[in-house]
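Asks: Dumping the structure here so I can ask a few things about it.
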Amino acid sequence: MRVETLGDGEPEFAIVGGIHGDEPCGRVAVETLAEEKPDVERPVKLIIANERALERGVRYVDEDLNRAFPGSPDAETYEGRLAHELLSELRGCEILSLHSTRSHAAPFALVDELDGHARAVCPYLSVEALVETAEYSDGRLIAYPDVVELECGLQQSAAAADNATRLVREFLVAVGALTGESTPPRHHPLPVFRLDEQIPKRQADAYEVFVENFERVATGERFAAIDGEPLVAESPFYPILLSAYGYRNVFGYRGSLVGRLDGEPLAHRADGTSAQVESGTR
């Protein structure tokens, strides 16, 4: 693990890249900031997490680091020990964690739940959606307080690296760590989705996906196929992290549109349409 600090004093913020070794966009963003050494108003910690996996170009060495938290100094796996070490480095910081995906080219954000931290930061990030991981946070860094995770673009693409570098600057300006022109809040509320359930895929020779992430799938609509056999929606849902080959045993997730970042939540009727309600998003 590589750790550097910008500014003087105890870091208040941390930028984490390279949790997965096959997602180099975060390393590029962290290294760019470390080389530029901008003058910061509040100290920032820069971390490249899984250097061994990055060097090998693999997702992980022994186990998925982003399923290994909190880890242990006596863990049998390299990532288990690294998870413990990384949490120690992150203690007391607000955290931006950088990732990439095989499912969606445009950046989007993920949080455990839509709390005050997410509401304060995410309007100033150029992302198209915010996802609550809810019950699927176990073992992930996102399960801890004050963590925003970003999917910066398609895995191993130049665009993802560029997006990650831009989004880091947007985050640091938004939290007051870096001087500069803040990205104005969006004119339209940021949609907030929640992961509801995984979409399993059995072992087969070929997989296909026919729908776009974050776009509503209607009842009866064909959304994927396994060896040419179509999968049809039994009820409306929003696909999230859906891809043919991004995960080994699942296509991705069925999700719900649960609110908007401006705090005006949505309630869903049985027909899949939405109505505004006065309660919270959870």
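The values are calculated or read from the model by the stated rules, or taken from the named source; none is laboratory data. Everything numeric here is computed off the predicted structure, so don't read it as measured data. Backbone-built Cβ (ideal geometry, glycine too); neighbour counts: all protein chains shown. Side chains included, ligands, DNA and RNA excluded: accessible areas come from the protein's heavy atoms. Shrake-Rupley method; radii C 1.70, N 1.55, O 1.52, S 1.80 Å.
Asks: Considering the stretch 242-252 alone, what residues qualify as being surrounded by fewer than 24 Cβ atoms within 10 Å (Cβ to Cβ) and of a type outside the set (Lys, Arg)?
Replies: 243, 244, 245, 246, 247, 249, 250, listed by residue number.
Asks: May I ask you to say which residue of 110, 87, 65 is within 19 Å of residue 153 (Cα to Cα), without any contact (Cβ under 8 Å) to a residue 60 or more places away in the chain and open to solvent by less than 50 Å² (accessible area, probe 1.4 Å)?
Replies: Sole residue among the options that is within 19 Å of residue 153 (Cα to Cα), without any contact (Cβ under 8 Å) to a residue 60 or more places away in the chain and open to solvent by less than 50 Å² (accessible area, probe 1.4 Å): 110.
Asks: Residue check: is residue 39 touching a Ser or Thr at 6+ places or on another chain (Cβ under 9 Å), among the acidic types (Asp, Glu) and modelled with pLDDT of 95 or more?
Replies: no
Asks: Name every residue in the stretch 241-264 that is over 13 Å from residue 224 (Cα atoms) and either assigned to a strand (DSSP E or B) or out of contact with any strand residue (DSSP E or B) (no Cβ under 8 Å at 6 or more places or on another chain) (or both), in order of residue number.
Replies: 247, 248, 255, 256, 257, 258, 259, 260, 262, 263
Asks: Let me ask another. Regarding residue 102, is this residue surrounded by fewer than 21 Cβ atoms within 10 Å (Cβ to Cβ), under 23 Å from residue 39 (Cα atoms) and either over 12 Å from the mean Cα position of the chain (by Cα) or touching a residue at least 60 places away in the same chain (Cβ under 8 Å) (or both)?
Replies: So residue 102 fails the test.
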